[in-house]
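A.B. asks: Starting off with a structure, shown below.
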Amino acid sequence: MDAPNTDDFRIEHQGDQIAVIFTPDGRSYTFRIEGDRLSDPVVSPAQVKVADYAKDEVRKAATELARLALKGAPSGEASPSQPR
């Protein structure tokens with residue numbers, strides 16, 4: 001199975017939510033922003049069937065991208081503009 005790449009996703013900030021769309025199949029992962037944290041995602045069904053990607057890997061990548069959109073730094077790191 002293929003690992004998803006960051007360019008396989010589109011990120012949309014919608015008020016108090018961040019939606020991460022996996023463009024190969026149209027599935028979206030919508031996270032509510034709760035202060036400086038994200039809720040578990042609400043996952044929409046795929047619009048087309050793409051069998052080359054593992055669902056858990058796509059979800060993991062979508063979660064990390066949403067977290068990056070909120071915090072602006074990789075896991076466990078603060079950006080220079082944000083104190084730890």
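A.B. asks: Out of all the residues in the range 45-59, which are open to solvent by 60 Å² or more (accessible area, probe 1.4 Å), within 17 Å of R10 (Cβ to Cβ) and either hydrophobic (A, V, I, L, M, F, W, C) or part of a helix (DSSP H, G or I) (or both)?
C.D. replies: Matches in the range 45-59: V48, R59.
A.B. asks: Within the bounds of the range 36-57, is there any residue that is of a type in the set (D, E) and in contact with a Pro (Cβ under 7 Å, 6 or more places away or on another chain)?
C.D. replies: yes
A.B. asks: Only one residue in L70, L65 is open to solvent by less than 60 Å² (accessible area, probe 1.4 Å), outside any loop (DSSP other than H, G, I, E, B) and either modelled with pLDDT under 95 or touching an Asp or Glu at 6+ places or on another chain (Cβ under 6 Å) (or both), so which one is that?
C.D. replies: That would be L70, the only listed residue that is open to solvent by less than 60 Å² (accessible area, probe 1.4 Å), outside any loop (DSSP other than H, G, I, E, B) and either modelled with pLDDT under 95 or touching an Asp or Glu at 6+ places or on another chain (Cβ under 6 Å) (or both).
A.B. asks: Determine whether I11 is in contact with a helix residue (DSSP H, G or I) (Cβ under 6 Å, 6 or more places away or on another chain), open to solvent by less than 70 Å² (accessible area, probe 1.4 Å) and at pLDDT 95 or above.
C.D. replies: Here the answer is no, as I11 does not meet what is asked.
A.B. asks: Related question: Condition first: touching a residue at least 12 places away in the same chain (Cβ under 8 Å), more than 12 Å from the chain's Cα centre (by Cα) and open to solvent by less than 70 Å² (accessible area, probe 1.4 Å). Now tell me which residues in the range 24-44 satisfy that.
C.D. replies: Selection gives P24, D25, G26, I33, S44.
A.B. asks: Here's a follow-up. Within the range 26-50, how many residues are among the basic types (K, R) and in contact with a Leu (Cβ under 9 Å, 6 or more places away or on another chain)?
C.D. replies: 2
The values are calculated or read from the model by the stated rules, or taken from the named source; none is laboratory data. Only a predicted model underlies this, so the values are computations on that prediction, with no experimental measurement involved. Note: ideal-geometry Cβ built from the backbone for every residue, glycine included; neighbour counts use all protein chains shown. Accessible surface areas use protein heavy atoms only, side chains included; no ligands, DNA or RNA. Shrake-Rupley method; radii C 1.70, N 1.55, O 1.52, S 1.80 Å.
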